Amino acid sequence: MVQKINQSHRLLFALLMAVLLNGCATTQYGNFIQNPSQDANQIMATDAAAQIVRLYPAASTQFTLRHHINDAFGQALIDKLRVAGFAVQETAEPSIEQSLFAVPQTPAEPQAGIRLSYIVDQSDDLYHANLLIDDTRLSRAFIARADSVHPAGLWVKRE
């Protein structure tokens, strides 16, 4: 009897560790700047959209977002891409019940388009915009001065 309880505890512990480690292994996408100004988001999104326009043909390219957009940078980026002629498919935000209790499943049909996601973060007065387009990563640093943001270098493309 005691041996079965110990096995149950071990199994429960292993399951708990697997869930915790899975949470650490997933990449979080979105905007991680604390209280960014609306102007900063607009400037970075305009610059990011302009770089995408330089690299992809607008009328024949569809982007599928990898994550839900809930910040000003992402919404501005989507708006700029759509105005430039790109098709952008957004993902639906899962409900709390779906995110807590749903078993991850592969979609029945693959989503059309090029996968697009972004990570915007900050270190001191330097903002970093990273666009992940399929297997390509575009990165650029921006420096925050007063109430404005200026590019601090060129776009870097890594495949």
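The values are calculated or read from the model by the stated rules, or taken from the named source; none is laboratory data. Quick caveat, the model's predicted, so the values are computed rather than measured. Reconstructed Cβ throughout: ideal geometry from the backbone, glycine too, with neighbour counts over all protein chains shown.
Results for (1) in a strand (DSSP E or B); (2) more than 13 Å from the chain's Cα centre (by Cα); (3) modelled with pLDDT under 95, shown as yes or no for each residue.
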{"position": "Leu116", "(1), (2), (3)": "yes, no, no"}
{"position": "Gln122", "(1), (2), (3)": "yes, yes, yes"}
{"position": "Tyr127", "(1), (2), (3)": "yes, yes, yes"}
{"position": "Asn130", "(1), (2), (3)": "yes, no, no"}
{"position": "Arg137", "(1), (2), (3)": "yes, no, no"}
{"position": "Arg140", "(1), (2), (3)": "yes, yes, no"}
{"position": "Val149", "(1), (2), (3)": "yes, yes, yes"}
{"position": "Leu154", "(1), (2), (3)": "no, yes, no"}
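Listed here are the residues, each with its yes/no results for (1) over 18 Å from His150 (Cβ atoms); (2) assigned to a helix (DSSP H, G or I).
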{"position": "Asp39", "(1), (2)": "no, yes"}
{"position": "Met44", "(1), (2)": "no, yes"}
{"position": "Ile52", "(1), (2)": "yes, yes"}
{"position": "Pro57", "(1), (2)": "yes, no"}
{"position": "Thr64", "(1), (2)": "yes, no"}
{"position": "Gln75", "(1), (2)": "yes, yes"}
{"position": "Asp79", "(1), (2)": "yes, yes"}
{"position": "Thr91", "(1), (2)": "yes, no"}
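Table: residues versus (1) modelled with pLDDT of 60 or more; (2) not β-branched (Val, Ile, Thr).
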position	(1), (2)
Leu16	no, yes
Gly23	no, yes
Ile33	yes, no
Ala40	yes, yes
Gln51	yes, yes
Leu65	yes, yes
Leu81	yes, yes
Ser95	no, yes
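Here's the yes/no breakdown for (1) exposed (fewer than 15 other Cβ atoms within 10 Å of the Cβ); (2) free of Cβ contacts under 8 Å to residues at least 60 places away in the same chain:
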{"site": "Gln38", "(1), (2)": "yes, yes"}
{"site": "Gln42", "(1), (2)": "no, yes"}
{"site": "Asp47", "(1), (2)": "no, no"}
{"site": "Ala50", "(1), (2)": "yes, yes"}
{"site": "Ser60", "(1), (2)": "yes, yes"}
{"site": "Thr64", "(1), (2)": "no, yes"}
{"site": "Asp71", "(1), (2)": "no, yes"}
{"site": "Ala76", "(1), (2)": "no, yes"}
{"site": "Lys80", "(1), (2)": "no, yes"}
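Any residue in segment 127-138 that's closer than 28 Å to Asn35 by Cβ: show its pairings with residues that are part of a strand (DSSP E or B) and of a type in the set (Ser, Thr, Tyr) at Cβ separation under 6 Å, as long as the two are six or more apart or on different chains. Going by the 6 Å Cβ cut-off, the qualifying pairs are Asn130/Ser139; Leu131/Tyr118; Leu132/Ser117.
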